[in-house]
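Peer 1: Input: one structure, supplied below.
We did not get these values from a lab; they are worked out from the coordinates using the rules stated. All of these numbers come straight from a predicted model, not from anything done at the bench.
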Amino acid sequence: MPVRISPSILSADFANLERDLGRIATADLVHVDVMDGHFVPNLTIGLPVVERLRQVSPVPLDVHLMIDDADRWAPRYAELGAFSVTFSAEAAADAVATARAIRSSGARASIAVKPGTPVEPYLETLDEFDMILVMTVEPGFGGQSFQADTMPKLARAREAVRASGLDVWLEVDGGIDTETIVTAVAAGADTVVAGSAVYGGDPAERIAALRAAAATVALSS
C-alpha cells in the first residue's frame, strides 16, 4: 500500500486554517498538533478549534496530543469525530485503558513515543493500538532536524507488527522531507507527517513529491 501523507497544520497559516486545509486535499490525512504549554513548551489549539477543523477539513483528522493528562483528554478528541487520536506514552497513566476509551468513542487509537522512550513495552500490547507514532524529533516545535538514530526503534516496531499480522500503522513525525522520507519508509514507516516540507511551497506539488520519493523505496524493495 502507498505511504500515507499527513501534512501538519503546525506549519500552516493559523489565520487561514480553512484555506490551508483546502490546499492539502490530495493528502491522506491532516496532522493536527494539540499542545498545552506543559507537556511541551509550546501552546497551539484545543477542543473547540479541532471540532471546527473537522467540520471543514477535506481529509480525516490525525490528531496528535502533546498534552498532560492524556487519559482524561484523549477520548474527548475522539468524541469530536477525529479519525485518529494519538496520545503521548509519557503522558498516560494507563496507555491501554486510554486506547480503549479512544476506540470506544469511534476513533483509531495511537500512541506516540519520544526519541528517548523505548517502544518495546507497547509492542507487547500491539492489539490495543491502531498506530504507533515514532517521534523523529523532540515534540513541541516544527522545523527541527530529523533524528536518524530513531530508525532502529522504528525497524523494531515494523518487525513486531509484521510478526503479529495486525493492521497497526507506523507513523513518523519530525524533520520529514523528500530525502528523510526515504530513510523512514525504508525503516518501516507507512504513514508520515510533514509540515514545512508541505507548506513551504505549493502543497499539492510538495505532497506529490513526497509520494514519489516514498514510492522509490517500495519499487526497490
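Peer 1: Pick from Ser11, Ser110, Ser84 the residue whose mean-square fluctuation is largest in a GNM of the chain, springs joining Cα atoms under 10 Å.
Peer 2: Maximum fluctuation in the GNM of the chain, among the listed residues, is at Ser11.
Peer 1: Just to check I understand the Karplus step: with θ = phi - 60° and J = 6.51 cos²θ - 1.76 cosθ + 1.60, what whole-Hz values come out for the range 79-87, glycine and proline as x?
Peer 2: 5, 6, x, 5, 5, 9, 10, 9, 10
Peer 1: Check which residues have an amide H placed less than 5 Å from Asp33's amide H, if you skip close sequence neighbours.
Peer 2: Sorted by chain and number, the residues that satisfy this are Ile9, Leu10, His64.
Peer 1: Starting at the first residue of the range 110-122, write each ³J(HN,Hα) from the Karplus equation 6.51 cos²θ - 1.76 cosθ + 1.60 with θ = phi - 60°, in whole Hz, x for Gly and Pro.
Peer 2: 9, 10, 10, 10, 5, x, x, 9, x, 8, 3, x, 8
Peer 1: Just to be sure I understand: with springs between alpha-carbon atoms less than 10 Å apart, which residue in Glu124, Glu90, Glu51 has the highest mean-square fluctuation in the Gaussian network model of the chain?
Peer 2: Per the Cα network of the chain with a 10 Å cutoff, Glu124 tops the list.
Peer 1: Taking 8 Å as the Cα distance limit and 6 or more residues as the minimum spacing, I'd like the relative contact order of the range 4-220 as a percentage.
Peer 2: Taking the mean separation of contacting Cα pairs over the length of the range 4-220, I get 18 percent.
Peer 1: Still on this structure, I have one more. Show the residues, 5+ positions off or on another chain, whose built amide H is closer than 5 Å to the amide H of Ile176.
Peer 2: Gly195
Peer 1: Principal axis lengths of the chain from Cα atoms, whole Å, largest first?
Peer 2: For the chain, the Cα spread along each principal axis is 42, 40, 29 Å.
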